[in-house]
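What follows is a set of notes on a single structure, which appears directly below.
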Amino acid sequence: MLTFAHLWCFAFLPLPWLLRLALPAQQRHEVSVRVPFGSRLRKVLGQPGISPIKRTDWEGAILNSLIWLCVLTAVARPQWVEPPVVKEVPTRDLLLLVDLSGSMDQEDFQNSAGKKVARLDAVKEVLSEFLEKRKGDRVGLVVFGDAAYLQTPFTTDLKLALDLLAECEVGMAGPRTAFGDAIGLGVGLFDEDSDRSKTIIALTDGNDTKSHLPPVEAARVAAQRDITIYTVAIGDPTTVGEDKLDEQGLKDVASEAGGKYFFAADREHLAGIYDELNKIETNQIQTVSHRPRTDVYYLPLLAGLCLSILNKAWLARRGRRNHSSHQRHHHIRVNPVTGEMEVAA
């Protein structure tokens, strides 16, 4: 679509005609050669005088009008507007905390095919389905064991997040659980001045055995920065020792950070938890569009230049043709008998 950045420039279209009316051209009559028998020459030639070489008025008006229109069109800055380019703007920063401690290797979950798989494999499978629905979010991934590590920084490339999640293995971050340190690392990853919603989803099957920062204290810091934490407990609540499931601690973390606690006994429960999270954390997609503009002012400018060159070339050719016709006039001589001027053949 063609548009003009300065459409008001076309208001100057009648300006040359207004100037011509207000400031008419000065008429000057200059004599090139004075001869005492000029009137006799004109009488013999039968011509009132030498007329200047000129075109008819309508030809000049049309050419000059077209040139002026081309100049005004270029000054108005014509632009070709391209189809809109739509971009999705993230409305939420979603951080996943995934426990990679040794107990995540227990095969007490069933996958979608009904086969017994490790807890981490079930988490990967359900997380993949969950992330595919998070279009419009920025997703990050933190894994933790003896310490917490950033696996994926915040990104809108969900495929990248899924690929890096698939590379996670049990024990790669250590056998124990530093849940509090993982929350602390996650809190530091969020932009404090961002208007996006900030959410953490933590998946763990054990109590905190290695953190320097207690999980509840880390949750309080998160709440102060408007970060919501949802905790998902994975494991057997009857387990004792270091691998026991600290349900109360996970409930306290979720409560401190304004989130909710969930317990996943098997893959079906885990999938149901993500369905509920999808309802709680409604996925709002904000889009912005931009229509690229390309300046094409050079086209009318080029057209005006071509018209001006053609105009000058036409005038030069017309002038040479008229000059040749004047040179073909008969010569004037004085009759020796009568003393009168006459045109010689």
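Could we say that G136 is more than 27 Å from Q110 (Cα to Cα) and either surrounded by 15 or more Cβ atoms within 10 Å (Cβ to Cβ) or not assigned by TED's automatic domain parsing to the domain that holds V98 (or both) here? Outline the logic, then answer.
Numbers: more than 27 Å from Q110 (Cα to Cα): yes; either surrounded by 15 or more Cβ atoms within 10 Å (Cβ to Cβ) or not assigned by TED's automatic domain parsing to the domain that holds V98 (or both): yes.
Judged against the criteria, G136 is a match.
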Reported set for region 113-149 where residues are out of contact with any Asp or Glu (no Cβ under 7 Å at 6 or more places or on another chain) and either on the phi > 0 side of the Ramachandran plot or in a loop (DSSP other than H, G, I, E, B) (or both) is A113, G114, K115, E132, K133, R134, K135, G145, D146
When (1) polar (S, T, N, Q); (2) assigned to a helix (DSSP H, G or I); (3) modelled with pLDDT of 90 or more are applied to T228, the one that fails is (2)
Q284 fails exactly one of (1) out of contact with any strand residue (DSSP E or B) (no Cβ under 9 Å at 6 or more places or on another chain); (2) surrounded by fewer than 12 Cβ atoms within 10 Å (Cβ to Cβ); (3) within 23 Å of T199 (Cβ to Cβ); (4) modelled with pLDDT under 80, namely (1)
Across (1) surrounded by fewer than 18 Cβ atoms within 10 Å (Cβ to Cβ); (2) at pLDDT 85 or above; (3) in a strand (DSSP E or B), K87 clears everything bar (2)
If you go through K124, K116, the only one that is modelled with pLDDT of 85 or more, more than 25 Å from the chain's Cα centre (by Cα), over 16 Å from L277 (Cα atoms) and among the basic types (K, R) is K124
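Of all residues in region 160-177 being touching a residue at least 24 places away in the same chain (Cβ under 8 Å) and over 13 Å from K124 (Cβ atoms), which is surrounded by the most Cβ atoms within 10 Å (Cβ to Cβ)? Write out each step before concluding.
The first filter runs over region 160-177 and keeps only residues touching a residue at least 24 places away in the same chain (Cβ under 8 Å), leaving 161-162, 165-166, 168-177.
Narrowing the set further to residues that are over 13 Å from K124 (Cβ atoms) leaves 171-177.
On the way: G171: 14, M172: 12, A173: 24, G174: 16, P175: 17, R176: 20, T177: 30.
Filtering first and then ranking leaves T177.
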Cβ pairs under 7 Å, 6+ apart or interchain, first in region 106-133 and within 27 Å of T156 (Cα to Cα), second at pLDDT 85 or above and among the polar types (S, T, N, Q), ordered by first then second residue, are none
(1) surrounded by fewer than 16 Cβ atoms within 10 Å (Cβ to Cβ); (2) in contact with a Gly (Cβ under 8 Å, 6 or more places away or on another chain); (3) part of a helix (DSSP H, G or I) all hold for G188 apart from (2)
Exactly one of G145, G140, G174 is out of contact with any His (no Cβ under 9 Å at 6 or more places or on another chain) and more than 20 Å from I229 (Cβ to Cβ), and that residue is G174
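The values are calculated or read from the model by the stated rules, or taken from the named source; none is laboratory data. Note that the structure is a prediction, hence the values are computed from the model and not measured. As a convention, Cβ positions derive from the backbone with ideal geometry for all residues, glycine included, and neighbour counts pool all protein chains shown.
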